[in-house]
Amino acid sequence: MVNAMKAGVAGTLVVAITAILVLMFSPREPGSRAVGLFGGVYFEGADRADGSWSLGFGLMNWPAWIVVWLVVSGLAFVGDLVSARARRPRRRLAGRGPDSSRSPDQ
């Protein structure tokens, strides 16, 4: 469970960075604010009078981020359960489990 929560945090950070980069390179009007991921991230860029740029980005709408974290953590948890199930020894296939039809002298 703890590993799934850690994976949820790491996955949420990847989603946040990817969303900001997509907004950064998406076409829009100069000086406007681009909002993405259900209002979870924003990016704004503007030209200054001295010829430099003013860039701003960040996170907002925390309920959206909580939902993203829950979804990514849930997927990681399900993936952990599936991989644990796949790693279990196959006693029945090896002929040592209670469902085995092989006799001990075979």
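The values are calculated or read from the model by the stated rules, or taken from the named source; none is laboratory data. In this text the structure is predicted, and so the values were computed from the model without any measurement. Glycine also receives a Cβ, built like all others from the backbone with ideal geometry; neighbour counts cover every protein chain displayed. Protein only, heavy atoms only, side chains kept; ligands, DNA and RNA dropped before computing areas. Shrake-Rupley method; radii C 1.70, N 1.55, O 1.52, S 1.80 Å.
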Suppose the filter is more than 18 Å from the chain's Cα centre (by Cα), aliphatic (A, V, I, L, M) and open to solvent by less than 40 Å² (accessible area, probe 1.4 Å); does Ala34 pass it? yes
If you check every pair at least six apart or on different chains, which have Cβ atoms under 8 Å apart with a residue in the range 30-47 that is more than 23 Å from Trp62 (Cβ to Cβ) first and a residue that is hydrophobic (A, V, I, L, M, F, W, C) and open to solvent by 80 Å² or more (accessible area, probe 1.4 Å) second? Gly45/Trp53; Gly45/Leu55; Ala46/Trp53; Asp47/Trp53
What's the total number of residues in the range 3-36 that are assigned to a helix (DSSP H, G or I) and either in contact with a helix residue (DSSP H, G or I) (Cβ under 6 Å, 6 or more places away or on another chain) or of a type in the set (Val, Ile, Thr) (or both)? 13
Can you tell me which residue among Gly74, Gly39, Gly51 is within 30 Å of Ala4 (Cα to Cα), part of a loop (DSSP other than H, G, I, E, B) and open to solvent by less than 100 Å² (accessible area, probe 1.4 Å)? Gly39
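Tell me, yes or no, whether the range 4-21 has at least one residue that is in contact (Cβ under 8 Å) with a residue 12 or more places away in the chain and open to solvent by 90 Å² or more (accessible area, probe 1.4 Å). Lay out the reasoning, then the answer.
Looking only at the range 4-21, we keep the residues that are in contact (Cβ under 8 Å) with a residue 12 or more places away in the chain, and these are 4-5, 7-9, 11-12, 15-16, 19-20.
Subset that is open to solvent by 90 Å² or more (accessible area, probe 1.4 Å): none.
No, the range 4-21 contains no residue that is in contact (Cβ under 8 Å) with a residue 12 or more places away in the chain and open to solvent by 90 Å² or more (accessible area, probe 1.4 Å).
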Regarding Met1, is this residue open to solvent by 50 Å² or more (accessible area, probe 1.4 Å) and touching a residue at least 60 places away in the same chain (Cβ under 8 Å)? yes
